[in-house]
Amino acid sequence: MQSGWSVELNVDNQGVALISFSNPPVNALSNPLSQSLFEKLKQAYERPDVKAIVLFGKNGVFSGGADITEFAALYDPKASPKDVEVKAHIFQMLEEGSKPTVAAINGVAFGGGLEMILCCQERVGTKRASFTLPELRIGLIPGLGGTQRLPRVIGLEAALPVMLQTKVLKGQEANKLGLLAALVDGEEELLATAKKVALEIAQGLRERKNHLKRTDKLGSPEQWNKIEQFARSELSKSKMIKGQPQYQECLETIMYGVRNGGEAGLQYERRKFRELVSSPTAKSLIHVFFATRATSKLDAIPGVSTEYKGKLPKKCAVVGGGLMGSGIATSILACGIPVVVKEVDEQFAKAARTRIEANLESFRKRSKLSQEALNNAKRILTVTTEFDDKFRDVDLVIEAAIEDVRLKQEIFATLGKLVKPDCILATNTSSIDIDLIATACPKATEEGRVVGAHFFSPAHIMQLLEIVRINRTSARVIQDLVTLGKKMGKTPIVVGNCVGFAVNRMYFPQSNVSDILVTYLGLCPYRIDQVAEEFGLPMGPFKLRDLVGFDVSVAVGGVAEVAYADRVFRSSLLKSMIEKGRKGQKSGAGFYRYSSQSRQPQKDEESVKSFIEAASKEVRQTASKLDIRAPEQSFIQNIKDNDIIDMLILPVVNEGMRVLEEGISQRASDLDIASVLGMGFPAYKGGIMFWAQSQFGHSGAILKRLDYLYRATGNCPMFAPSFALVRAAMLNAPLERPPRPPRYMGGDDDVVIVSGFRTAVGKAYRGGFKDTPMEDLIRPIMQRLLEDTKINPKDIQDVVMGMVLPRGDHGEVQLRSANFLAGIPESTPCKTVNRLCSSGLQAIADAAAAITRGDYDIAIAGGVESMSTHAFHDNSLKKHPEVLRVGGNAADCYLSMGETSENVAARYGISRERQDRLAVVSHARAAAAMLSGKQRGEIVPIKTKVKMPENPKDKASKMVEREVVVDKDEGIRLGVTMSSLAKLKPVFRKEGSTTPGNASQISDGAAAVLLMKRSEAQKRGLGCLGTLRAFAVVGVEPSVMGIGPAVAIPALLKKTGLAVNDIDLYEINEAFGSQAEYSIAVLGINRDIVNVNGGAIAIGHPLGMTGARQTVSLLNELHRRGGRYGVVSMCIGSGMGAAALYEVTTFDRASRM
């Protein structure tokens, strides 16, 4: 197929001019093509040897219509009038020119293509020709005479469905209605017949018709009125066209022309078209049109090849034949691809087959399948109850079992051993982190064959397919699934992996907000539903929950509570209703009542009111513990319908910005399509992100509105603006992933980090490093730094290492020994640094300062701690006698860190619930990072030996030494919840709030970086991870030492002239939940950018290592996200705080993914 557009004029020996045009793929009537077509027509009319003209579209189509990208020119005052009017001139020329014209149609003639052929005196088509006017689907009416000519050619009654319902007329029906003068079989016969008809008109053997002046097919006024009345009645009953004025306008335009004549109708049509083309509805629907086509653009995905177009599987399998699995199987079978469906027993297998065959039959009834294709689909369906040889030759398996992570892991483990080595393993989970499922089949995961294929229910009907890639999914697998999705008639969107992926994650706040609107703000659920439906949503949030089922809603909500605890504020409303047997439609009662004869919802106000009142008391108690104030009474008393809509939708938009910022979704337009096709957001509003942008004008206005709702509702976390939205507003950027901050070239004298690595963090006393000498923690890190940079060990001029617990000379001796073991020569000195929890960061700052002073050129700096092998408590430490007498700050220096945590909580009102919430977030983020493997590049796996009981179940059995490899942080726990943490007792005070669950873990590990000046790095050909820009240490009251970051960070920012929101990422050490929570809150740091891969509560806090670990992780994450500035900060025992600012500059190298 040729590329580009072309128009050719060829005159045969009979005097027929064949004007053929091409503009692949659908011969769109673009302005350049139309201009050329006009010129060729003009030549044909002027040539004396031409008697008649035949128009012919190449590439197997006549024309798919106008080029929609050019519609803006119709209302743009800067547009060229020539471009705007050229099509009208062509159509007038075809209709009124001196020589007859005939259109030869092979394939589609849609939109402007059909309007063009209606201007010709006659039309000839093949049996594969098809005709329709789809303009109403994009908010317009036919604008080039279609509303006037089509009723005059085929009759008013036949023409209305072609426009109002986008009915497609196939060749035979078009011929029967009089649209065609002749119907032929193939292209060769088509051109011959068209030329023959054209000559007959030229010779007077056929009537030459001007269709605009015809009335013979219109009937009588009585017939018009009857047809119009019926059409208006049908439009008024249709829910599909709610909020879309083009339908009524189209009917008005048609009838105006019928009553006032074709010429008058044509002028009326042009006026209405121009009005509609600039309407919000048209702009929205045109956006959806293009956004749908953009979803399969994979340019942002690493490794995607433009040459590889994707391969269809020859055979598939679906595990699970329930409603979802049977729908997936149906969609694949309809493509002619054999499917094996696995069920648990014969009863379920029989039910699965019945469902699938019923689905296929529904396809046949809707003309989506022929009888022959239906029979074939049934023949190539296999249903089995065993994982057997039927699976060995499948190319793709889609798991569609219930949402149980252990069950899915078992299935994947079985499949990993059973299927062939190149088989794709896909899961249809709707919310579970796919990396968690993928742990069951590590080989397939490493080979890039694990992927998510999230269909929406019912899977054989819903158009959206969410293809979820984990970090290790290969580009080819993605392209293969996109190809299959298109073959199934789906609209595929490719998204990244997280809990809920793009669609369910983006929408999780809506159900949460719905609860709060009724339990905290006192709104009526029926009013909320009514407002939502009047807005255009298919059903309100409470009807939707009735439909889905309360048990499902609670389960899905529970997943979100774990993953996104920082912005969830949920009530017990649904759980209390379930306890009383109300589960939604399935039980006959939820927020509405349902009879056995009808699924129509009936309000049940008194019963529901009692549940809401009970839940409201509990919500108010929870709110006070989470620092959520009482909502503003003036706001509650005057809540308008638009407030309800904004509260339902803006948190979804806000979460959508997070999805974009984190790279889960490639484009905001993908989220628009997801909202339209997956969640029923009205297409005529353009999708959820497009609506927000259109409604508010710019991101700053959305931020202002969301911030108002946040304050008016008493700081409800669902309304807290995302960092992505804040940054977009700062940059006056649209609702897309905000532009990356500009990076600048650093100076030659900048001290830069050219390499950085860490060990995994092991559990002290219980983990993989418990028997590992400190030398064997730091040695592999130093060796890895030298290997990575190819620096000669002799060029290292100092090693500076932070450590806290080694007593006396132990630390220095062990560090010096580690240097030699790592291959660093005796000429290189070393020193230890002890500023307690900031020691690792202090070591880096000290080395950088020495390089700046010119003490030396190259240094290794970092931190190490073996809390397993060095005593945490030292009973030899005694209080100074005078301290016992005067007390105060001097005495408080001796307080245990746990006591200072309790002091922070008590003085600053940091509740147990806020501390636990921070801990849940820490574990959730750390777990996601660990499962995804995205930090593997910064971790050096350590092979070591561990002493353990020979029989792990019998601790009294003899101790043996086993070799292990420690390559993952050991303290991270999956599925930590607020309720599980609430069971833990306080440790330091009986009535306190600091527990083992909301405090950092004692741990083992090491981290280090290699530093030099930028000029030295450039001389050696080394890239940079980042630049140490500034460092600050401050003092605070020892009794509340945990507030150190709250004082150190402002001091750091003051040095650099930066503001809190100028920083892209923060790593704030979570020594205790109380102090981290206080520091984040008092500084107003957006939680989206704090400890994005978890903090010390989840990962652990090897005292000397922590500052260096934070540095290594921060710099790698800045590169992953395209950030510029990052801050590392921590509190320090005895009353201090430290903070450092790092910058990534223009030519710094990417992180190790």
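The values are calculated or read from the model by the stated rules, or taken from the named source; none is laboratory data. None of the values given here were measured: they were computed from a predicted structure. All Cβ positions, glycine included, derive from the backbone under ideal geometry; neighbour counts span all protein chains shown. Surface areas here come from the heavy atoms of the whole protein model, side chains and all, with no ligands, DNA or RNA. Shrake-Rupley method; radii C 1.70, N 1.55, O 1.52, S 1.80 Å.
For the listed peptides 853-864, 746-757, a ranking on the average number of other beta carbons within 10 Å per residue, highest first, reads 853-864, 746-757.
Taking a spot 7 Å from the Cα of LYS879 along the direction of its beta carbon, which residues of region 981-999 have an amide N less than 19 Å from it? Only 988-990 fall inside the zone, counting backbone N under 19 Å. Peptide packing for 91-103, 1069-1081, 1031-1043, 885-897 was compared via the average number of neighbouring C-beta atoms within 10 Å per residue; ordered from the highest value, the list is 1069-1081, 1031-1043, 91-103, 885-897. Kirkwood radius and radius of gyration were both taken over the C-alpha atoms of the chain, and their ratio Rg/Rh is 1.04. Name the residue farthest towards the positive end of the dipole of the chain from the options LEU521, GLY186, THR306, assuming +1 on Cβ of Lys and Arg, -1 on Cβ of Asp and Glu, about the Cα centre. Ranked along the dipole, the leading option is GLY186. List the trypsin sites (Lys or Arg not before Pro) in region 1047-1153 that DSSP assigns to loop (not H, G, I, E or B) and whose Cβ has at most 15 other Cβ atoms within 10 Å. Which are they? Here the trypsin sites (Lys or Arg not before Pro) that fit, given the DSSP loop and packing criteria, are ARG1149.
Provide the gained length on full extension for the span ARG711 to GLU403, in nm with one decimal, where the gain is 0.36 nm per separating residue minus the Cα-Cα distance.
Gain in length upon complete extension: 107.2 nm.
Note that region 1046-1054 has calculated 3J(HN,Hα) couplings of 5, 9, 5, 5, x, 4, 5, 5, 5 Hz, one per residue in order, obtained from phi through the Karplus relation 6.51 cos²θ - 1.76 cosθ + 1.60 (θ = phi - 60°); glycine and proline are x.
Of ILE1097, THR1027, VAL197, which is farthest on the positive side of the dipole of the chain, counting Cα position, with +1 on Lys and Arg Cβ, -1 on Asp and Glu Cβ, and the Cα centre as origin? Checking the options against the dipole of the chain, the answer is VAL197.
Of interest is the spacing of the C-alpha centroids, which for region 949-1009 and region 474-498 amounts to 40 Å. The charge dipole of region 316-496, taken about its Cα centre with unit charges on the Cβ atoms of Lys, Arg (+1), Asp and Glu (-1) only, comes to about 660 debye. Each residue of region 536-545 is assigned a 3J(HN,Hα), and the resulting list reads x, 6, x, 7, x, x, 7, 5, 4, 5 Hz, derived from the Karplus form 6.51 cos²θ - 1.76 cosθ + 1.60 (θ = phi - 60°), x at Gly and Pro. Think of the chain as having a plus end and a minus end, set by charges on the Cβ of Lys, Arg, Asp and Glu; of VAL394, ILE434, PRO742, VAL394 sits farthest toward the positive end of this dipole. For region 316-496, the tally of Lys pairs with Cα-Cα distances below 16 Å comes to 15, considering only residues 8 or more apart or on different chains. Solvent-accessible area per residue in region 6-278 equals 42 Å², computed with a 1.4 angstrom probe and all protein chains kept. The amide H of PHE1072, built 1.01 Å from its N in the peptide plane, has SER1000 as neighbours under 5 Å, considering only residues 5 or more places off or on other chains.
Couplings 3J(HN,Hα) of region 278-288, computed from phi: 9, 7, x, 5, 5, 4, 5, 5, 5, 4, 4 Hz, in residue order, whole Hz [Karplus 6.51 cos²θ - 1.76 cosθ + 1.60, θ = phi - 60°; x for Gly and Pro]. Take the Cα radius of gyration of region 6-278 and divide it by 2.2 N^0.38 Å, N being the number of residues; the result is 0.96. Based on alpha-carbon atoms, the Kirkwood radius and the radius of gyration of region 937-984 give Rg/Rh equal to 1.14.
What does the helix-only formula give at 222 nm for the chain: each DSSP H stretch with n ≥ 4 adding -39500 (n - 2.57), the total divided by the residues, and the result rounded to the nearest 500 deg cm²/dmol?
Theoretical 222 nm ellipticity from helices: -13500 deg cm²/dmol.
Across every pair of non-identical alpha carbons in region 316-496, the mean reciprocal distance, once inverted, gives a Kirkwood radius of 16.0 Å.
Full extension of the chain between ALA1081 and VAL886 gives 66.9 nm of extra length, using 0.36 nm per residue less the Cα-Cα distance. Going by Cα centres, region 268-327 and region 785-852 are how many Å apart? Centre-to-centre distance over Cα atoms comes out at 56 Å.
Here the accessible area is traced with a 1.4 Å probe on the protein chains. For the chain, carbon and sulfur cover 52 percent of it. Restricting the calculation to Cα atoms, every distinct pair contributes to the Kirkwood radius of region 158-280, found to be 17.2 Å.
Taking packing as the residue-averaged number of other Cβ atoms within 10 angstrom, the listed peptides 826-834, 1044-1052 run from highest to lowest as 1044-1052, 826-834.
Kirkwood's formula applied to the C-alpha pairs of region 528-628 gives a hydrodynamic radius of 14.6 angstrom. Please go through region 319-390 and write out the GluC sites (Glu not before Pro) that DSSP classes as loop and that have at most 13 other C-beta atoms within 10 Å. Qualifying residues, ordered by number: GLU386. Under 27 Å of direct C-alpha separation, and excluding same-chain neighbours fewer than eight residues apart, LYS879 reaches these lysines: LYS990.
Among the trypsin sites (Lys or Arg not before Pro) in region 942-971, those located in a DSSP loop and surrounded by at most 12 other Cβ atoms within 10 Å of their own Cβ are LYS953, LYS955, LYS958. Whole-percent P(r), region 409-553, all Cα pairs, 5 Å bins from 0: 2, 9, 16, 17, 16, 13, 9, 8, 6, 3, 1, 0.
Backbone amide hydrogens, once placed in the peptide plane, bring LEU29 within less than 5 Å of GLY65, ALA66, ASP67, excluding anything fewer than 5 places away on its chain. Going by Cα centres, region 146-224 and region 50-69 are how many Å apart? Each part reduced to its Cα centre gives a spacing of 16 Å.
Around the Cα centre of region 351-393, unit charges on the Cβ atoms of Lys, Arg, Asp and Glu (plus for the first two, minus for the last two) sum to a dipole of about 340 debye.
Need one number: % antiparallel among DSSP beta bridges in region 316-496, to the nearest 5. Beta bridges within region 316-496, antiparallel portion: roughly 15 percent. Placing +1 on the Cβ of every Lys and Arg and -1 on the Cβ of every Asp and Glu, with no other charges, gives the chain a dipole of roughly 1660 debye about its Cα centre.
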